[in-house]
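Enquirer: Input: one structure, supplied below.
The values are calculated or read from the model by the stated rules, or taken from the named source; none is laboratory data. Small disclaimer: the values here were computed from a predicted structure and weren't measured. Quick reminder, even Gly has a Cβ in these numbers, built from the backbone with ideal geometry, and neighbours come from all protein chains shown.
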């Protein structure tokens, strides 16, 4: 019997191309696991009215460990238009399956490492005063609160009367009191102190384990006073338990500016849901883009690992496939480390680093080509060829 059982959820588009490549790596590594398929994505929304079927939820509840590819999400009107005609008008509402999964299993800790591999032509470089260039070594992990904030899903267009009445008790709502309901959309940014404490504590624990000297809380408490204020206040309180680790505070807008100034100074950043999403994508842009951006969604009992890129349907039918599998492979490495097999995880990352540094095998994004059927003929490696190169270094 295998030591681990992993629920594999390729999902939509290129998820079906990159997830199998990560399994090739895991099997070559000798990771002792059985893999069971889980249905998820647009096909199941269209045919069943549910992009995350109960049978997949049951698999995750049983096995506790998931590896996820990518999904296609569309606005609700488009989603309704693509629903099976037999299901229309029966109250089905489209929800992002990955957001639903995070909330269903309380996967409230999201880790997004953004690490620059030397030799990657997409890495951030900085011009020096004398006209030469330097390439700072970026090693940042963003801890994003995964279930609350602006993604909590508490929102309305044309809020019901009781909601409007509650909003009207706040003096700042006076400016909107005369807005017709059909012209008024409201999204609630919800932060709870226990969830804030969990994500901040996870960031400090990681910093201590990796021997980083500081954690940065990135919010906007000077404007978003209550919710960002609670995040920052909680961070200050948690830091008291980690006297060996400093706490720094930045505003989200200033932090994005500083990305172009001194990104190497930020090793561990913690933020609420939307700000963490923005930060992790911004940092990913400095280390090669979404083709290198892995993530883990971690709760007390269940953990699901995924690349942060989307389903890229325009590339899904290309043969041979051209997309970069490294983000998916690094997500698998995160999963391996999560279950305690750190040595195997390090082997994967070292193999990826060796391929990138050598520079002989590069996918279209690494060569700055426009994605499309001509990329391979122009010299780009296919998805499979990139995995082959990593496998060769792994051995």
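Enquirer: Wholly within the stretch 147-264, which helices (runs of 4 or more DSSP H) include no fewer than the required count, namely at least 3 residues that are closer than 30 Å to residue 127 by Cα and modelled with pLDDT of 95 or more? Can you show your working first?
Expert: Numbers: elements: 161-167, 193-210, 227-239, 252-258.
Those helices (runs of 4 or more DSSP H) span 252-258.
Enquirer: Please state which of the following conditions residue 283 fails to meet, knowing it meets all the rest: (1) out of contact with any helix residue (DSSP H, G or I) (no Cβ under 9 Å at 6 or more places or on another chain); (2) farther than 15 Å from residue 371 by Cβ.
Expert: (1)
Residue-wise test of (1) farther than 19 Å from residue 352 by Cα; (2) outside the structural domain of residue 280 (by TED's automatic domain parsing).
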site: 119; (1), (2): no, yes
site: 130; (1), (2): yes, no
site: 133; (1), (2): yes, no
site: 137; (1), (2): no, no
site: 142; (1), (2): yes, no
site: 162; (1), (2): yes, yes
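Enquirer: Ok, one more. Does the stretch 49-86 hold any residues that are surrounded by 15 or more Cβ atoms within 10 Å (Cβ to Cβ), in contact with a helix residue (DSSP H, G or I) (Cβ under 8 Å, 6 or more places away or on another chain) and in a helix (DSSP H, G or I), and which are they?
Expert: 57, 60, 79
Enquirer: Quick check: is even one residue across the stretch 340-356 closer than 13 Å to residue 17 by Cβ, crowded, with 24+ Cβ neighbours inside 10 Å and touching a residue at least 12 places away in the same chain (Cβ under 8 Å)?
Expert: Looking for residues that are closer than 13 Å to residue 17 by Cβ, crowded, with 24+ Cβ neighbours inside 10 Å and touching a residue at least 12 places away in the same chain (Cβ under 8 Å), one finds none in the stretch 340-356, hence no.
Enquirer: For the stretch 311-336, name all the residues that are surrounded by fewer than 18 Cβ atoms within 10 Å (Cβ to Cβ) and either touching a residue at least 24 places away in the same chain (Cβ under 8 Å) or touching a helix residue (DSSP H, G or I) at 6+ places or on another chain (Cβ under 9 Å) (or both). It would help to see each step written out before you state the result.
Expert: Initially, the stretch 311-336 is screened for residues surrounded by fewer than 18 Cβ atoms within 10 Å (Cβ to Cβ), giving 313-314, 316-317, 319-320.
If the condition is that a residue be surrounded by fewer than 18 Cβ atoms within 10 Å (Cβ to Cβ) and either touching a residue at least 24 places away in the same chain (Cβ under 8 Å) or touching a helix residue (DSSP H, G or I) at 6+ places or on another chain (Cβ under 9 Å) (or both), then 313, 314, 316, 320 are the ones that fit.
Enquirer: Right, next: Can you tell me which residues in the stretch 98-133 are out of contact with any strand residue (DSSP E or B) (no Cβ under 8 Å at 6 or more places or on another chain) and either within 17 Å of residue 44 (Cβ to Cβ) or not in a loop (DSSP other than H, G, I, E, B) (or both)?
Expert: Hits for the stretch 98-133 are 99, 100, 103, 104.
Enquirer: Okay, next question. Counting just the residues of the stretch 291-305 that are touching a helix residue (DSSP H, G or I) at 6+ places or on another chain (Cβ under 6 Å) and under 29 Å from residue 261 (Cα atoms), which one comes out surrounded by the most Cβ atoms within 10 Å (Cβ to Cβ)? So that I can check it myself, show each step before the final result.
Expert: Step one: filter the stretch 291-305 for residues touching a helix residue (DSSP H, G or I) at 6+ places or on another chain (Cβ under 6 Å), giving 291-294, 296-297, 302-303, 305.
If we keep only those that are under 29 Å from residue 261 (Cα atoms) too, we end up with 291-294, 296.
Numbers: 291: 24, 292: 29, 293: 25, 294: 27, 296: 20.
Within the stretch 291-305, the match that is surrounded by the most Cβ atoms within 10 Å (Cβ to Cβ) is 292.
Enquirer: Would you mention how many residues in the stretch 134-146 are crowded, with 19+ Cβ neighbours inside 10 Å and part of a loop (DSSP other than H, G, I, E, B)? I'd like the intermediate steps shown before the answer.
Expert: Residues of the stretch 134-146 that are crowded, with 19+ Cβ neighbours inside 10 Å, as a first pass: 138, 140-146.
Of the ones still in play, those that are also part of a loop (DSSP other than H, G, I, E, B) are 138, 146.
The qualifying residues number 2.
Enquirer: Residues to consider are 118, 113; find the one that is surrounded by fewer than 16 Cβ atoms within 10 Å (Cβ to Cβ) and closer than 23 Å to residue 307 by Cα.
Expert: Details: 113 fails: surrounded by fewer than 16 Cβ atoms within 10 Å (Cβ to Cβ).
Going through 118, 113 in turn, the sole match is 118.
Enquirer: Still on this model: At pLDDT below 95 and farther than 18 Å from residue 334 by Cα: does that describe residue 131? Before the answer, list the steps.
Expert: On the way: at pLDDT below 95: yes; farther than 18 Å from residue 334 by Cα: yes.
Against the criterion (at pLDDT below 95 and farther than 18 Å from residue 334 by Cα), residue 131 qualifies.
Enquirer: For the stretch 27-44, does any single residue satisfy the condition of being out of contact with any helix residue (DSSP H, G or I) (no Cβ under 9 Å at 6 or more places or on another chain), more than 24 Å from residue 292 (Cα to Cα), at pLDDT 95 or above and assigned to a helix (DSSP H, G or I)?
Expert: yes
Enquirer: Does residue 252 qualify as being under 27 Å from residue 355 (Cα atoms) and more than 13 Å from the chain's Cα centre (by Cα)?
Expert: Values: under 27 Å from residue 355 (Cα atoms): no; more than 13 Å from the chain's Cα centre (by Cα): yes.
Spelling it out, it is not the case that residue 252 is under 27 Å from residue 355 (Cα atoms) and more than 13 Å from the chain's Cα centre (by Cα).
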